Structure formats: C-alpha cells, structure tokens
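Below is one structure, written out as structure tokens, with a few remarks after it.
The values are calculated or read from the model by the stated rules, or taken from the named source; none is laboratory data. Remember, it's a predicted structure, so these values are computed and weren't measured experimentally. Don't worry about glycine lacking a Cβ; one is built from the backbone with ideal geometry, like all the others, and counts go over all protein chains shown. Only protein heavy atoms, including side chains, enter the accessible area calculation; ligands, DNA and RNA are left aside. Shrake-Rupley method; radii C 1.70, N 1.55, O 1.52, S 1.80 Å.
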Amino acid sequence: MAKNEANSIHLQDLKPFYGSFQAVAPVNTTFASRAITAMIGPSGCGKSTVIRCINRLHENIPGARVEGKVLLGEQNLYGREMEPQAVRRRIGMVFQQPNPLRMLSIEQNVAIGLKLEGRPKKELAERVEASLRRAALWDEVKDKLRESSLALSGGQQQRLCIARTIALEPEVILLDEPCAALDPISTLKIEDLLLELKQQYTVVIVTHNMQQAARISDRTLVFMVDTSVARPRGLMVEEGETLQIFTAPQDLRTQDYISGRVG
Amino acid sequence: MSQKEENSSFYEVWQRRTQHGDLLFGWLTLFFGLVVITLVFAIGYVVWSGSAEARDRFGFGFLFQTGWNPVKHNFGAMPAIYGTLVSSLIAVTLAGPLGILIAVFLSELCPLHLRNPLSFLIELLAAIPSVIYGMWGVFVFIPFFKSGIAKPLASTVGQWLPLFAGPVAAGRGVMVAGIILAIMILPTIAAIAREILAVVPNHQREALLAVGATRWEMIWYGVLPYSRAGIVGGIMLGLGRALGETMAALMVIGSAKSTIENSLFAPGITAAALIASELPNANDSLHESTLILIALVLFGITLILNILARLLVWQVSRGPVGTIRA
Amino acid sequence: MITQASNYKQRKIVDQFMRGLMVGATILALIPLFLILGYVIFRGASSLSLAFFTEAYKAPQMSLTGDVQSAGGVLHGIVGSILIVGASLLFALPIGILAGVFLAEYPANSVATTVRFATDVLSAAPSIVVGVVAYILIVQRTKQFSGLAGSVALAVLMIPVITRTTEEILKLVPHTVREAAIALGTPKWKTTFTVVLPAATSGIVTGALLAFARATGETAPLLLTVLGNNNLGYSLLEPLAALPLLTYKYTEMPFPELNDLAWGTALVLTGLVLSVNLLARWATRSRLK
C-alpha cells in the first residue's frame, strides 16, 4: 500500500453542491491504488455525483460546485493552480452510456486525447494499438480502424471508451455505472478487463449492481439517501473490505440494502 | 400520437379515428389540411401559367442575358440574377459564421441567467419588419458605409481589386444590400443552429472533457461535427430568406437593372426588387409575364433550397441513426 | 502526479480566443438591433404629433418664405392597415386553425406529414411571390388594385404561422383532459370543440397575434396588390394606404418633411409589431409556465 501511495485518492470533507443545495454529506475516504473500489447504493444517493468530483467534471454542470479536498497522493486536485483539464487527462472516466465520438473513426476515437496534446503521428498509431489490445478490443476491430465507431456493438463501444481512457495512461480510472447499458456477456468482458487494469491503475467504479461490486471490487463504499435532514441528500454510511461489507455489514441500512429490503 | 399509429397506414388510422360519428369532423379538418397543401401547388401553378407568354417567347435563356429595357421589349434578367445571388452570398458569408458563433455561445458558454434575455434580443432582430431595415439602411447605414467603409476600401484595396473599386458616390449597392440582408437572416441562422446544438447529447461533450479537452476543443471536435448537417440546413434556410427578401434589397441596392458592374459598391438589382418595382406599373402583358417568370424562377430556387434544408434539419433533430438504446 | 499537457498553453490561448470571438459575435449582432430601435424611437418620436394620427396625406407646398407646410399625417395608413390585416385574419384564421386541429388530432400519417411540410414551404416562400400570385388572380382579373387582393396575399402568409402554433399548443393540452371527455362517451369533434379548443384558446390567440405581427410588417406583397393611396379610404375594393407602404414611399421622397413622416410611421409600425410579438410571447410563457 505504502509504495503506491502516490496514486491513491483521498477525499477530505468533500461536499458537492448544486447551487446552494449540498447534494451529499461530507465524504472522507481513500481509494487505494492497484485496487478496485466500488461505490454502491440506491438511486439518488450521490455516488455518481461523488465520482464526478474526482475528475472535476461535477463543476461542469451549470451552478454546480465543490467544497473540500480531493488529493491524488499529495496533490490537491482543487488547488488554486490546478486546472480541470490537467486533472481530467490524468484521471480518466468511462460513462454509463458508451459515448464514442460519433463523427470520428475507431482509431480517431482512441487517439483523440493524445491528438489534443499534439503527440506525433507515429506515437498515436502505437498507442492506439496498445490501448485497444489492453482493452481486449484489438482483434475485433483491427481490420476496421478507419470505420465509424457506431458500427460496433454496445459492449464493444464501451471497451472502445475504456481504450480511449487508457490511451492517455492516466493514474486513475473512474467508471460511472459502465455496464448499466450492456448485456450480461458484455458486462462480464468489461469486468475481466477491469480486473486486468487494476494491476496498474487506481480503479473506482460506481455500480447499481451489488453482484458486480461483490465480484470485482476489493473495497466497497455504501451510499444511502439520508432522509433525516430537511432536504434528503446522499450519505456514505459504511466503507470496508468488500467481503466484510457483503458478509458482515455493520450498518443497519447496509444490511437492509444488500439483503434487498430497500433500494 | 400513440406509438401504434405511427406505423399504420393513413387509411387505418382514419377508420379507427372516425368510427364514433366523427366522420364529419374528420373530413372537415382534413379538408383544411388539404387546403394548405393545395395553396403550395396553387402558387406554383398560377406563377407557371402566368408566365406562359414569356416562356413561349424566350424560354429560360433570357436569364443569362444582360440589358433590361421593357419599353423596347428588351428583357435580360442576368443583372437581377447576379444581384440576387451576390447579395445573398455576401449575406450568408457574413451571417453564417456569426450565427453559428452566437448559437454556440448561447448554448455552450453563456451563463444561465443571460441565456434567455440574450436569445430574446437576437430573436427580436427577426421581428423587425423588413421595410424598417430598408429605411434604416437608406438614412443611417448607407451614409456611414459610404464614408466609413466604401471610400477607404475603394481608395486602397479597390485600386487593384475591381470588386472593391469606386466610385462609391451612389452609396446604394450590392455590398450594402448584402450587409443589411446579413443582419436580417442572422436570427434565423442562429435560432436553427441553437435548436440543432440542443439536440447534441451531453455524453458527447463529456467524452471530450474527460480526456482533458478545453471548452473550445469540446465544441470543435464534439459538438460542431455532430450538428454539421443541421447547421448547414440552417444556413440554407437563411440563404432562402435572403434570396426572397424584397423590401430591404429594393431600398438599398440601387435599381441598376440593365448592366452588371464589377464592383460590389456599384448599384445593382435583385429579382424580388425588380418584380416589386415594375410589376405594379408594367407596360404590357409581355412585360408582366416576364416579371412573373422571374417570380417563378425565384419560387423554384427557394423551394428546392428549403426542401433540401429541411431534410437536413429534420435528419438531425429526429435523432441520429445507430444510437445505443439502454 | 497531475501534470499539464506540454501544449496546453497554446490550446488555452486558442480557447480564450474563440470564446472572445463568440462573445464578440453576440455583441456585434446586438449593435444593429440597438441602432435600429434607437433611431426609430428617437427620430420617430420627434415627428409624432396629434395631426400625425388624425390627418391623412397633404401634398407638401412651398410657401413664399421657402418653408414647406406640414405633410399631414398617416391616418389613411393606419385605417388601411387595420382594414387589410383585419380582413386577412378573417380569411386565415379558420383555415389555419382547422388545419392545425387536423395536424394535432391526426398527427402521425402521411397526409399530416405532407401538410406539415407544406406549411414549412409556405412559411418560407418569398412574400413577393405570394404577392405576384394575388396580383395575377385578383388585380389582373378585376383590373383594379384593391385592399382585398392585399388581404388575400397576407392571409396566405399568415396561414402557416397560425397552423403551426395551433398544432403546437393543442398538443400541449394534457391527455387526461381529452381522455376524461372521451371516457364519458363524448365524440371526438365535441371533445375538440368543447374541451380541447377552449383549453387552448390562449395558444390560438398567440398564433393569431404572431400572424398579425408578421402580416402588419409585410410590404412587398402590398406593393403589387394594394398599391397605395394618398387619400383616406375605407373600401377594401379600392387601392388603400398601409403603414409599411407609407414608410417605403416617404423614405424614397426627396422632402425632409416626408422623411420625418417615414420615421414616425416606422415608429408606429415597429412599436405595433414588436409589442404584439411581446404579447404573444407573454401569452405562451404564462401558459407554459
């Protein structure tokens, strides 16, 4: 753990706001590097909001802002000198809906981040192939790199988006319900891929699917909707080793949730 | 309305909808729907038959000749065609990029509380009657343009580029008309482009932001390519408006009906302005018929342009092909 | 370790430049708006007077001292515009509304698609062409320029506006309202006329207002049909004056007094068209919340 400290993420009193509404109670936690951390919980519990704070995408919504700190190793991502563009290129994100860029080819989709950074053409081609191989997509698309990404199936598109993310060789990969729009077989492929990626990256995944969290994650954070305050908001109720969360949850609400009584 | 009806034939829907004694009501509204369709064909037919005499006499060849003298039955519509096309092209060249920039600003950058007031003001430009544009052009813009833009340009660039050559004494000319038309079609282009941009799904924007793109890179690589077809459609609709616009062009272009000048500062004429200025006091039936033939050409061109443009806009706003359904 | 891309400085400059360009474009578009409205308001207001609204045209006459006498007012234009646009509303409203009802009640079939396409084509047809059609059909046949011919041309231009607004608004009437009536066994036509149309009244008024605003400002078709008239007239069967025609004619006259009248007319016309537009906007806003 200690030797990879530089790549772990720490949330310190993280408070995401929509306008004046604080959407989630202050979050304090750590996402370890070379591990998969899952965030689970019912709809509206703020897990997606929290994950979008980590790569500073939350503030992109009109009126939204963030208080508190997100640290990558020692660096505060919300520090004064820190630009969101810099954060986002080092902390990649995969979304719920596969979102390949519609007008670009498969190849261009993977290369877009590198292209923006002005890397030479030769490097682009190498990195495209390497990323597609790591995303376990190369064999399926190597003959149609110039074709539209829309010709791919949903699962392939999602792996393309993962390839686009790892092409930048980020420190952290965030996944916001990456399998919500996919069929079970595509879902299993993505899960295998994530287990592979955690050898190198800090992986954080938001999921609706408790089995998925149990299958792949090392640690699990449980979020709930806190209805004890005037305007219900998200609340992290428990965190721990995944095995412990699913076999011996400490919090009553977690127990109810994973046994299917709520949510 | 319901999902089911979308795929059934008109006749089936009709039967289902009219079985409860609603036959009369159905037929009545259908009749008025058909009236609207008929109007379009009626316009085409009336202008076609009204131009018979001129068509028999000249065919469409007169569109490519210069020289316009109704008294001598000398009809060459080339100056009008040239003036129409050039002033409209100037308008689209100016208003196209501006309209897109405005639409992108309003939908991608503008703070929320400014968005509605600003788009309201831009739309207000479309509500001002065209005769007011013409009048403002005559009294305010032309004097300013003549001394502030045309003269300096003519004495510098105009020395070696005939397009901007003097004299600029008249003030009225093709360039002025193009600029005024640009102001008039700007809200059309901006409004359609905004509608199209609103259809771009957010996940396309986030895809770019998530790899570290700046706001402009997000727009350039994600938003604009996605909406390309619709924006082109919007520009074509703007072009259609400029081609058919009458009053502003009539008042500021200068009514030089017979010849084509090289300079954009020289007076010219547009097809619509030619019709408006001569049809009410046409000399004889051939003169009338020739002007009607010009109207036919104008109608045909704007019709084709509009159909193409709407197909482009529809194609985009109806929802792109091949999306993932969650 | 978070580091910025090596080329980020240049990219940021491009980003800032393009943002500046967009703000600039928006401001640039507002300049003519404010200039036009400003000139129309200030020059127009100074030429308004009681006579402006109560007198028709008087030929300007040079007096011995060289002063030009007042050119009268634009009462004939106001009356003419009201008559012409009023009559065109009478033609256009029934056709436009019922065609809109057709589109809203039988929305998904090939005929409705064609009607919708036709309204789009009609709303984009150059107004001068519509004027030419009215000229051929009415002026040529009757050998007489007339307010009526102008009304017909304006009605054709109004119909698409009314049809599309009616359709849009009728579609907003909640299904529950419709279904409640249909559940009681009310026939469709009765539902439409007793439940749906009244619920949509403000929307239909909006359509009429927008159509009115568009038609009042139209000039080109009137040149070919109504022609213009220096005298006060009340008959739609004769040439009439109209506000936009007066704006045009007085602009082209070489007398400053008439140019002033043009500004005054422009103020009245612009004020009318814009306020009706605002009213229509306000009516739909309160409806759509």
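In this rough spin-label picture, where each label sits 7 Å from Cα along the Cβ direction, the A:ASP183-A:GLN199 distance is 2.9 nm. Computed from Cα atoms, the angle from the helix A:184-197 axis to the main principal axis of chain A rounds to 90 degrees. Just the protein heavy atoms count here, and of the accessible area of segment B:84-211 at 1.4 Å, carbon and sulfur take up 70 percent.
Once the GluC sites (Glu not before Pro) in DSSP loops with at most 14 neighbouring Cβ atoms within 10 Å are cut out of chain A, the longest remaining piece is A:148-263. Label zone (C:MET1, point 7 Å along Cα-to-C-beta; backbone nitrogen cut-off 14 Å) within segment A:153-171: A:171.
So which helices of chain C fit the span-like rule, where a helix is a whole DSSP H run, its Cα atoms reach 18 Å or more along the axis, and its mean Kyte-Doolittle is at least 1.0?
Working: long enough: C:8-46 (56 Å, 0.93); C:75-105 (43 Å, 2.02); C:110-124 (21 Å, 0.86); C:147-172 (37 Å, 1.22); C:201-217 (24 Å, 1.04); C:256-288 (47 Å, 0.56).
Both cut-offs are met by C:75-105, C:147-172, C:201-217.
Check each residue of segment C:6-21 and keep those whose accessible area, probe 1.4 Å, is at least 30 Å² smaller with all protein chains in place than in the chain alone; give them in order of residue number. Relative to the lone chain, where solvent access is computed with a 1.4 Å probe, segment C:6-21 loses at least 30 Å² at C:ASN7, C:TYR8, C:ARG11, C:ASP15, C:MET18, C:ARG19.
Treating r as the C-beta distance of B:LEU121 and C:THR194 and R0 as 51 Å, the FRET efficiency rounds to 0.80.
When you have a sec, figure out the Kirkwood radius of segment B:84-241 from all distinct Cα pair distances and drop it here in Å to one decimal?
Values: mean 1/r = 0.0576 Å⁻¹.
So the Kirkwood estimate lands at 17.4 Å.
Largest mean-square fluctuation among C:SER88, C:SER202, C:SER146, in a Gaussian network model of chain C whose springs join Cα atoms under 10 Å apart, belongs to C:SER202.
For segment C:76-283, count the residues as N, evaluate 2.2 N^0.38 Å, and divide the Cα radius of gyration by that value, please. Each step should come with its number before you reach the end.
Details: Rg = 19.3 Å, N = 208, 2.2 N^0.38 = 16.7 Å.
Relative to the 2.2 N^0.38 Å estimate, segment C:76-283 comes out at 1.16.
Taking the convex hull of the alpha carbon positions in segment C:4-46 and averaging its projected area over all directions gives 3.2 nm².
Tell me, which residues of segment A:160-177 get at least 10 Å² less accessible area when the other protein chains come in, versus the chain alone (1.4 Å probe)? Those are A:ARG164, A:LEU168, A:GLU171, which lose 10 Å² or more relative to the chain on its own.
Roughly what % antiparallel, to the nearest 5, for the DSSP beta bridges in chain A? List each step's numbers first, then the result.
Values: 25 of 43 bridges.
Just about 60 percent of them are antiparallel.
Separation of segment A:141-182 and segment A:197-219, taken as the distance between their Cα centroids, equals 17 angstrom.
If I require 27 Å or longer along the helix axis, counting alpha carbons, and a Kyte-Doolittle average no lower than 1.0, what helices from chain B are left? Use full DSSP H segments. Don't skip to the answer; put the middle values down first.
Working: long enough: B:23-50 (38 Å, 2.10); B:78-104 (38 Å, 1.85); B:174-199 (37 Å, 2.28); B:285-317 (46 Å, 1.70).
Going by DSSP H runs, the hits are B:23-50, B:78-104, B:174-199, B:285-317.
Taking 20 Å as the straight-line reach from the Cα of C:LYS171, the lysines in range (excluding those fewer than 8 positions away in the same chain) are B:LYS4, C:LYS188, C:LYS190, C:LYS289. Of B:PHE120, B:PHE32, B:PHE105, the residue with the greatest mean-square motion in the GNM of chain B, using alpha carbon springs below 10 Å, is B:PHE32. Our estimate of slack between B:ASP284 and B:THR93, defined as 0.36 nm per intervening residue step minus the Cα-Cα distance, is 64.9 nm. The C-B contact accounts for approximately 7700 Å² of buried accessible area, totalled over both chains at a 1.4 Å probe radius.
Counting protein heavy atoms only and a 1.4 angstrom probe, how many square angstrom of accessible surface do chains A and C bury in total, to the nearest 100? Write down the numbers at each step before the final one.
Details: alone 12510 and 16520 Å², together 28010 Å².
The contact between C and A buries close to 1000 Å².
At a 1.4 Å probe, what is the % contribution of carbon and sulfur to the accessible area of segment C:189-289? In segment C:189-289, the share of accessible area belonging to carbon and sulfur is 66 percent. Among the listed pairs B:LYS72/B:LYS151; A:LYS142/A:LYS198; B:LYS151/C:LYS249; A:LYS142/C:LYS12, which have their C-alpha atoms separated by more than 32 angstrom in this model? Table pairs above 32 Å Cα-Cα are B:LYS72/B:LYS151; A:LYS142/C:LYS12. Ranking C:LEU232, C:VAL132, C:THR186 by how far each Cα lies toward the positive end of the dipole of chain C (charges on Cβ) leaves C:THR186 at the top.
Rg and Dmax of the protein assembly as shown, both derived from C-alpha coordinates alone, stand at 32.8, 110 Å.
Give me the residues in segment B:124-173 whose solvent-accessible area, probe 1.4 Å, is reduced by at least 40 Å² once all protein chains are included instead of the chain isolated. The answer is B:LEU124, B:LEU125, B:ALA127, B:ILE128, B:PRO129, B:VAL131, B:ILE132, B:MET135, B:TRP136, B:PHE139, B:VAL140 - residues whose exposure falls by at least 40 Å² when every protein chain is included.
Averaged over its residues, the protein assembly as shown has an accessible area of 41 Å² per residue, based on protein heavy atoms and a 1.4 Å probe. Rounded to the nearest 10 degrees, the angle from helix A:121-134 to the longest Cα principal axis of chain A is 50 degrees. The label-point distance for B:LEU114 and C:THR114, in a model that sets each label 7 Å from Cα toward Cβ, rounds to 4.9 nm.
As an exercise, use a Förster radius of 25 Å and the Cβ-Cβ distance of A:ASN28 and A:THR227 to find the FRET efficiency, rounded to the nearest 0.05. Display every interim value, and only then the final one.
Working: r = 21 Å, r/R0 = 0.86.
Between A:ASN28 and A:THR227 the formula returns 0.70.
Put +1 on the Cβ of each Lys and Arg and -1 on the Cβ of each Asp and Glu in chain B; which of B:PHE64, B:TRP27, B:ALA242 then has its Cα farthest toward the positive end of the dipole? Among B:PHE64, B:TRP27, B:ALA242, the one farthest towards the positive end of the dipole of chain B is B:ALA242. For chain A, the C-alpha radius of gyration sits at 1.01 times the compact-globule guess of 2.2 N^0.38 Å, with N the residue count. Within the accessible area of segment C:4-46, the carbon and sulfur atoms contribute 73%, probe 1.4 Å, all protein chains present. Just name one of C:GLY96, C:THR216, C:THR284: the one whose Cα is farthest towards the positive end of the charge dipole of the protein assembly as shown (beta-carbon charges, Lys/Arg +1, Asp/Glu -1). Projecting each Cα onto the dipole axis, the largest value belongs to C:THR284.
Net charge within 13 Å of A:CYS53 by Cβ-Cβ distance, Lys/Arg positive one each and Asp/Glu negative one each, not counting A:CYS53 itself?
On the way: positive: A:LYS15, A:LYS47, A:ARG52, A:ARG56, A:ARG65, A:LYS69, A:ARG88; negative: A:ASP13, A:GLU59, A:GLU67, A:ASP176.
Summing Lys/Arg as +1 and Asp/Glu as -1 gives +3.
From a point 7 Å beyond the Cα of C:THR54 in the direction of its Cβ, which residues of segment C:233-255 have a backbone N at a distance under 19 Å? The answer is C:233. Extending 7 Å from Cα along the Cβ direction at C:SER46 and again at C:GLN144 yields two label points whose distance is 4.4 nm.
Seen against the Cα atoms of chain A and their longest principal axis, helix A:106-116 is set at about 80 degrees.
Each part reduced to its alpha carbon centroid, segment B:102-127 and segment B:189-250 end up 14 Å apart.
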